[in-house]
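Peer 1: Can you read through this structure? Questions will come right after.
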Amino acid sequence: MTEQALGVCYYPEHWPEEMWDEDAQRMASAGLTWVRIGEFAWSRLEPAPGGLEFDWLDRAIDVLGRAGLRVVLGTPTATPPRWMLDRHPDMLAHDAEGRPRRFGARRHYCFSHEGYRAECRRIVTLLGDRYGRHPHIHAWQIDNEYGCHDTTLSYSPAARAAFRDWCARRYQSPEALNRAWGNVFWSMEYDEFDQIDLPNLTVTEPNPAHVMAFRRFSSDQVVAFNRAQVDVLRVRTDAPLIHNYMGRELAFDHFTVGADLDVASWDSYPIGFLSDRIAATTAHKRRYLRQGDPDMQALHHDLYRAVGRGRWWVMEQQPGPVNWAPHNPAPLPGMARLWAWEAFAHGAEAVLYFRWRQAPFAQEQHHAGLLRPDSADAPGLAEAAQVARELAEGLAGATAPGQAALIWDYAAAWAWETQPQGADFDYFRLLHAAYRALRRLGLNVDIVPPDTADLSPWPLVVAPGLATLSGPFLTALSRHDGVALLGPRTGAKTEEMAIPVPLPPALPGLDATVALVESLPPGVTVPLEGGGALAHWVERLEGTAEAVRRTEDGAPALVRAGGLHYLAGWPDDDTFRDILRDLAGAAGIETAEMPEGVRRRDTATHRFWFNYGPEPVDCDGRTLPPAGVAWEAL
């Protein structure tokens, strides 16, 4: 297990050079050992085309390294300088309305633009040549937050040309594409690939197969863009290569991007996410206003542990109010500590707070750091220092394996966004609901990609909403001797967004067919016998599979054949928990009833408890204060 440590994000180019040494010494005194720099610095590294100015970065790295800090150097490709647009005026991404994005913020590039991709290879080559073997550079971050600000999907001329080429390679002939997409419908057939446009600005909704192909293409473009920089750095450094993904970002396949990297990281902003990225009741958002949702961070910890194949970080951790959510309250005292410890309990190698000093200028002026703009301590600094002292006691270590596997499929997210059939059918929301139910039972959960070929490590497998079932997954499922829960909407689409025949879910050994589906508006539910209800989505099943749960009108709601179960709807939260409690028991897994807002996580050596609630809670013979963290040796 790699040593677990704290760090911070720092921008030496923002501050007078005479401040650098004091900043570095204060970081080290607080127990921070990692520092990320450089990911937005292209205009200072190359103020004019070919006019390189790396001396200041040399000095900054030396100052930080002399203080004992390990440097993560970012490639600056998320923020091309203004002169880049003069050189490549067509490099800008276009939005779905066909409007080009403009200079004046960040991420103003299209992944498909070959000229800009070549510029990225050039600057990364220069950085790799200069710093690839530098003794203070211990890791590299490639670009920054792929997909942020809705930038994965681009409707630019460059994207259109690249999409046509992608379609030609995938389908080989227009006739094959027409068959795959069902273009006979509405006379949408093409005679040649150059007739194909991007699926925007159509009179009504575009063909869902066209949209799904564009989504796959767009994800592939992110993979190719990332790989171009990986290929440059691999031959120039032995330090690990990392990207910092985002929360609730589903527009590209993170597993495929991560396959080219050494470590996955993500940027954790719990309070901002609660306000901005979670579908929840007003009461829930009010209760967790200053703490964040109890399961949002943990869900991403487990996701990126999977994307990184066991190696993962938090590259940016919120320490105070952010600036970008609709409302930006301050964290409850203790939460900056709790968030870090929850990450370490899930196996994080490093947690870096964003940022060292709050910027008094530009777009993020109101985004808190560990220091105020006047360099006085902000509240998060003392909590970070406390975590550093506690880490020195060796409490976390490797996380324990999960008792349950949750299957995560980016293509399913694209499918249900393309054709939701119900305005509030959201794949991430469904995954979050399943994960929350498992966490309320006190379980460790592992996220597993959809093409896994071996499910034997997990006695319980949960796979909601998988639009298409891969061959490896079906084989693994047939060999699994534990308990599995699939549905709703399992196997409901082919890869080309058609309804398959035989009708879904078409699971081997399970005689159940979805004969009818209906989506329900908010406030409408289908009650179940014995209590609970289905909401959002309900399926009517035919077949002889044993009914475990039924609706009040007698229709099967949960059916099974041996350990394989199919859920014909979206249960409310308590019903989801109750179903999974029963299935966990059938799988021989011991569960616990966690108090409201309390979650636990086992490592190889300790059991941790986290209180997200705003009041003290008694749990397992101890009292957890608000924002409280407790642990005991196993």
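Coordinate-derived values only; no laboratory data. In this text, all values refer to a predicted model and were calculated from it rather than measured experimentally. For neighbour counting, all protein chains shown are included, and Cβ atoms are generated from backbone atoms with ideal geometry for every residue, glycine included.
Peer 1: Count charges around GLU39 for me, please; just the other residues with Cβ under 15 Å from its Cβ, Lys/Arg as +1, Asp/Glu as -1.
Peer 2: -2
Peer 1: Can I ask one more? Give a residue-ordered list of calculated ³J(HN,Hα) values for the stretch 93-105 (Karplus: 6.51 cos²θ - 1.76 cosθ + 1.60, θ = phi - 60°; whole Hz; x for Gly, Pro).
Peer 2: Once θ is set to phi - 60°, the couplings for the stretch 93-105 become 5, 10, 7, 5, 8, x, 8, x, 5, 10, 6, x, 9 Hz.
Peer 1: Residue separation times 0.36 nm, minus the C-alpha to C-alpha distance between ALA592 and THR282: what's the value?
Peer 2: Taking ALA592 through THR282 to full extension adds about 108.9 nm, to one decimal.
Peer 1: Would you mind calculating the gained length between ASP260 and ARG169 on full extension (0.36 nm times residue separation, minus the Cα-Cα distance), in nm to one decimal?
Peer 2: Contour length minus Cα-Cα distance gives 30.5 nm.
Peer 1: Moving on to the next point. As a check on your grasp of the helix formula, calculate [θ] at 222 nm for the chain: sum -39500 (n - 2.57) over DSSP H runs of n ≥ 4, divide by the residue count, round to the nearest 500.
Peer 2: -9500 deg cm²/dmol
Peer 1: Here's another thing I want to ask about it. May I ask you to order 387-394, 358-365 by the average number of other C-beta atoms within 10 Å around their residues, highest value first?
Peer 2: 387-394, 358-365
Peer 1: Counting Lys and Arg as +1 and Asp and Glu as -1, what is the net charge of the other residues whose Cβ lies under 13 Å from the Cβ of VAL322?
Peer 2: Summing Lys/Arg as +1 and Asp/Glu as -1 gives -1.
Peer 1: Apply 1/(1 + (r/R0)^6) to the Cβ-Cβ distance of THR204 and HIS149, taking R0 = 30 Å, and write down the FRET efficiency to the nearest 0.05.
Peer 2: So, using R0 = 30 Å, E works out to roughly 0.65.
Peer 1: Quick check on packing: order 199-207, 25-33, 331-339 by the mean number of other C-beta atoms within 10 Å, highest mean leading.
Peer 2: Put in order of decreasing packing, that is 331-339, 25-33, 199-207.
Peer 1: Output the peptides 589-596, 69-76 sorted from most to least packed, where packing is the average of other Cβ atoms within 10 Å over each peptide's residues.
Peer 2: Packing order, densest peptide first, comes out as 69-76, 589-596.
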